[in-house]
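Asks: Got a structure here, written out as structure tokens. Questions coming.
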Amino acid sequence: MIPQDTPQQEPNEHPIDRKKDASAKRTFVPVSEVTLLRKVLEEEKKKNEECVTRLKYLQADFENLQKRSKREIDDATKYGETDLTLNLLPILDDLERALAAGKNSDNKEAIVGGLEMILKAAQNVLFRRGLSPIDAVGKKFDPAKHEAIGFVSSSDREENTVVRELRKGYMFGEKVIRPSIVEVARNPSSEQPTSSPKTASQ
């Protein structure tokens, strides 16, 4: 018989040899690249610190702006009517003089004339600031500007027309700050009016 070749068994690999092979497969970064990466990292860290510092300054500026704006608004609210007050002081002086003169005078016409002049001066001060009276008598009832507290039977006036003003109303710019208190015409022959005025408070 021809002897068969038996496979030779490879000797077991020593653990030290395996460690050498693993070490040989590792990737090493050159020292120059490590130095460069550290430099870039330090630069980025410095930039981040600068950004944080700028953000803190911006936050402080914003907070100061808020405080200054609030202070200016408070001052405007507190002292905003100084100009109006100064313009009304001469009218107050005139009223005091008219009151003193009225106590020592029997001339009613002169007193009334003086009071009318004072009233006109006060109206001019307020009208220059945007105040304006609301037209009422003879106008069609407008619930946005008029407040009806009663009806007046009238056959010669159009239904729902303002026939009497009991208190004058005013607007400031385009806003009604006080409606006129009025009485409205109602046709006595109408058993049920086609439209009834509504008060401005409704």
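Asks: Taking region 111-137 only, how many residues are modelled with pLDDT of 90 or more and touching a Ser or Thr at 6+ places or on another chain (Cβ under 7 Å)?
Replies: 2
Asks: Applying the selection to region 126-163, what residues are assigned to a loop (DSSP other than H, G, I, E, B) and either of a type in the set (Lys, Arg) or over 39 Å from the mean Cα position of the chain (by Cα) (or both)?
Replies: Within region 126-163, ARG129, LYS139, LYS145, SER154, SER155, ASP156, ARG157, GLU158, GLU159 qualify.
Asks: Specify which of the listed residues (LYS140, LYS103, LYS108) is among the basic types (Lys, Arg) and at pLDDT 90 or above.
Replies: Criteria check complete, one pass: LYS140.
Asks: Would region 171-188 turn up any residue that is of a type in the set (Phe, Trp, Tyr), at pLDDT 90 or above and buried (at least 16 other Cβ atoms within 10 Å of the Cβ)?
Replies: No, there is no match, as no residue in region 171-188 is of a type in the set (Phe, Trp, Tyr), at pLDDT 90 or above and buried (at least 16 other Cβ atoms within 10 Å of the Cβ).
Asks: Moving on to the next point. Restricting region 129-153 to residues that are among the charged types (D, E, K, R) and in contact (Cβ under 8 Å) with a residue 40 or more places away in the chain, which is farthest from LEU86 (Cα to Cα)?
Replies: The qualifying residue farthest from LEU86 (Cα to Cα) is GLU147.
Asks: If I filter region 121-166 down to residues being surrounded by fewer than 17 Cβ atoms within 10 Å (Cβ to Cβ) and acidic (Asp, Glu), which single residue comes out as farthest from SER189 (Cα to Cα)?
Replies: Here the residue is ASP135.
The values are calculated or read from the model by the stated rules, or taken from the named source; none is laboratory data. Worth saying up front: this structure is predicted, and the values here are computed from it rather than measured. Note: ideal-geometry Cβ built from the backbone for every residue, glycine included; neighbour counts use all protein chains shown.
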